[in-house]
Amino acid sequence: MRHSGPMSDHFDGEKFFNPGHRSHKSFLDVLKWKLTETSVPWPEEISLTSAPWENKKVSPGKVRVTYVNHASILIQSSTQTILTDPVYSKRVSPLSWAGPKRRKLPGIPFENLPPIDVVLISHNHYDHMDKETLRRLQERGNPLVLAPLGDCRVLEDISGLRCEELDWWQKRAVDEVQIEFCPAQHWSARGMFDRNESLWGSYALQVEGKTIYFAGDTGFGNHFEAIAKRYPQVDLALLPIGAYAPRWFMKDHHLNPEEAVKAHQVLGAKKSLGIHFGTFKLTDEAYEEPAQRLSEELERLKISKEEFLAKDNGFDLWLE
Ligand code: ZN
Ligand code: ZN
């Protein structure tokens, strides 16, 4: 069952698309990638280097941001706890026995997560919309789930789940947190026959006077400029730096570290945190490569390494 709604500059009545950037990788392209791939193997199991995470009281005026794993980020204010694209499963795949396997534990064990008020879903790929994790979160505290147009129906079988859909530039306030669903240059699919039947995107949050931008999955596009115009002061940008090789296949829909730095600059972000690397091997690049290339690019551009961090699962920072 497809999304039904009015046509827009990113919905043609049947499918969603990236305005000004219609690209489509076919099954043959996937085959070409798999036949020509020069994938660098990752270690099977990678241990965490960060200190065990502890829940701490967040006082008014402050925001604590923790990189849980992949695109799962925990954002805590004194009144609200938000979790983006929560993924706790062992594999990010429609199958429990095949597909990309977890190489590293989440930085916060599931049972140690504080009660979650809001879950933000960027799009329906398995490494972002993990139904098993959403089911566990529902059972544990029934958070409000905000998802792109077309995705709540995919989550319908999670009994009791409170799911609300958002279109690009649609706002939703939760308590004192202002949430706006913003564009991204990406695509969607859960199976072989539902390509682009639901939307994808990013989120801008205003919490405790701070602006946090969560980019979801995206290629480099002019949406960053549009977002920068609306949010002239981004205090923290959460930008993907992994899952980019080979470029001919990935470039349309995934930033590489150099493009992530460009996005950081276009957004005028005070600080950025690299996400979407190091936990699941989705593409060809080596485990160490995203952080290394990020660091080289920052050096080349004489940007302080404190301005764009790439840290291990469980790393946290405070905005105050
Ligand atoms: Zn994706
Ligand atoms: Zn992804």
Given that compact globular proteins tend to follow 2.2 N^0.38 Å, what is the ratio of the alpha-carbon Rg of the chain to that value?
-> 0.93
Place a +1 charge on the Cβ of each Lys and Arg in the chain and a -1 charge on the Cβ of each Asp and Glu, then give the dipole magnitude about the Cα centre in debye, rounded to the nearest 20.
-> 180 debye
Quick one: which residues, 5 or more positions from SER272 or on another chain, have an amide H under 5 Å from its amide H? H modelled 1.01 Å from N in the peptide plane, none for Pro or chain starts.
-> ALA237, PHE308, LEU309
Per residue Cα convex hull volume in Å³ - calculated over the stretch 73-201 | 112 Å³
Say the dipole of the stretch 58-319 comes from +1 at the beta carbon of Lys and Arg and -1 at that of Asp and Glu; which of ILE227, LEU301, ASN313 then lies farthest toward its positive end?
-> ASN313
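Rounded to the nearest 500 deg cm²/dmol, what is the calculated helix-only ellipticity per residue at 222 nm for the chain, with -39500 (n - 2.57) per DSSP H run of length n ≥ 4?
When only DSSP H runs of four or more count, the value is -5000 deg cm²/dmol.
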ASP29-SER295 FRET efficiency (beta carbon distance; Förster radius 45 Å; 0.05 resolution) | 0.90
Range in the chain, longest, excluding exposed trypsin sites (Lys or Arg not before Pro) [loop by DSSP; at most 14 other beta-carbon atoms within 10 Å] = 196-301
Any chymotrypsin sites (Phe, Trp or Tyr not before Pro) in the stretch 173-215 that lie in a DSSP loop and have at most 16 other Cβ atoms within 10 Å would be PHE193
If amide H atoms are modeled at 1.01 Å from N in the peptide plane, then the residues at a separation of 5 or more from SER202, or on another chain, having amide H under 5 Å from its own are CYS182, ALA184
Quote the charge dipole size of the stretch 271-320 about the Cα centre in Debye, to the nearest 20; the model charges only the Cβ of Lys and Arg (+1) and of Asp and Glu (-1).
-> 80 debye
Expressed in angstrom and ordered largest first, the alpha-carbon extents of the stretch 209-282 along the principal axes are 37, 24, 16
Exposure proxy order (Cβ contacts within 10 Å, fewest to most) of GLU299, GLU197 = GLU299, GLU197
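Read-outs: derived from the displayed coordinates by stated rules, not from any lab. Note that the coordinates shown come from a computational prediction; the quantities given were computed from them, not determined experimentally. In this analysis, Cβ positions are derived from the backbone assuming ideal geometry, glycine residues included, and neighbour counts consider all displayed protein chains.
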